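See below for the structure under consideration.
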Amino acid sequence: MVVGVLALQGDFEAHAAALADLGAQPRRVRVPVDLEGLDALVIPGGESTTISKGIEREGLDAPLRDLVATGIPVLGTCAGLILLGREHLGALDVASRRNAFGRQLQSFEADIDFEGLGPMHAVFIRAPWVEEAGAEVEVLAEIDGHPVAVRQGNILAVAFHPELTDDRRLHAWLVEKAKVPAR
Ligand code: GLN
């Protein structure tokens, strides 16, 4: 199983390690040809503006939209959540607020309750939250009433960094979902 990790900027190594732990083969995605034959995709954190410029520069915008539309499982983390949303790729029907937790809380850790999975320790780094979500979006975790994990069909997007803890449950969701082809 080959899982692409968008590697224009941000956290390839930690995602790659998490995926390798689960027996999947991670692949750096930098140009459109890297998307060929993927079973699943990770859009990692970083700076959404920088990654978005990279997507434009490399001609990845349309190929990424097309790939996500095929129904392959996608995990977006932090900036990845922003990039999947309405303002960018438009695959996830959410508007997000960047750096939503403010200056005092640039980075923090929190124990959240993740729908269907239970308690989860989460690392937030200049994290967004979901400001508005469409009817098809399921909220899976919140902090103070602000959604920080959402799912819409084949897309799971979280405002935190699951690759920075030893908890592999979200990457496992991706890998397990990739084993059952979308119909
Ligand atoms: N603050 C970043 C942005 O707005 C996201 C931070 C992250 O991915 N850790 O793009």
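Read-outs: derived from the displayed coordinates by stated rules, not from any lab. In this text, all values refer to a predicted model and were calculated from it rather than measured experimentally. Neighbour counts run over all protein chains shown; Cβ positions are idealised from the backbone, glycine included.
Report yes if Ala178 is assigned to a strand (DSSP E or B), touching a strand residue (DSSP E or B) at 6+ places or on another chain (Cβ under 8 Å) and either within 16 Å of the ligand (Cβ to nearest atom) or within 21 Å of His15 (Cβ to Cβ) (or both), otherwise no. Spelling it out, it is not the case that Ala178 is assigned to a strand (DSSP E or B), touching a strand residue (DSSP E or B) at 6+ places or on another chain (Cβ under 8 Å) and either within 16 Å of the ligand (Cβ to nearest atom) or within 21 Å of His15 (Cβ to Cβ) (or both). Applying the condition of being touching an Asp or Glu at 6+ places or on another chain (Cβ under 8 Å) and under 20 Å from Arg86 (Cβ atoms) to the stretch 111-134 and asking which residue is farthest from the ligand (Cβ to nearest atom) yields Gly134.
Kindly indicate whether any position in the stretch 82-92 is in a helix (DSSP H, G or I) and near the ligand (Cβ under 9 Å from one of its atoms). Taking every residue of the stretch 82-92 in turn, at least one turns out to be in a helix (DSSP H, G or I) and near the ligand (Cβ under 9 Å from one of its atoms).
For the stretch 71-78, the criterion of a residue being outside any strand (DSSP E or B) and within 15 Å of the ligand (Cβ to nearest atom) is satisfied by at least one position.
Remark: pairs (first residue in the stretch 129-150, surrounded by fewer than 14 Cβ atoms within 10 Å (Cβ to Cβ); second residue not aliphatic (A, V, I, L, M); Cβ separation under 7 Å; 6+ apart in sequence or on different chains) = Gly134/Asp93; Glu136/Asp93; Glu136/Gln152.
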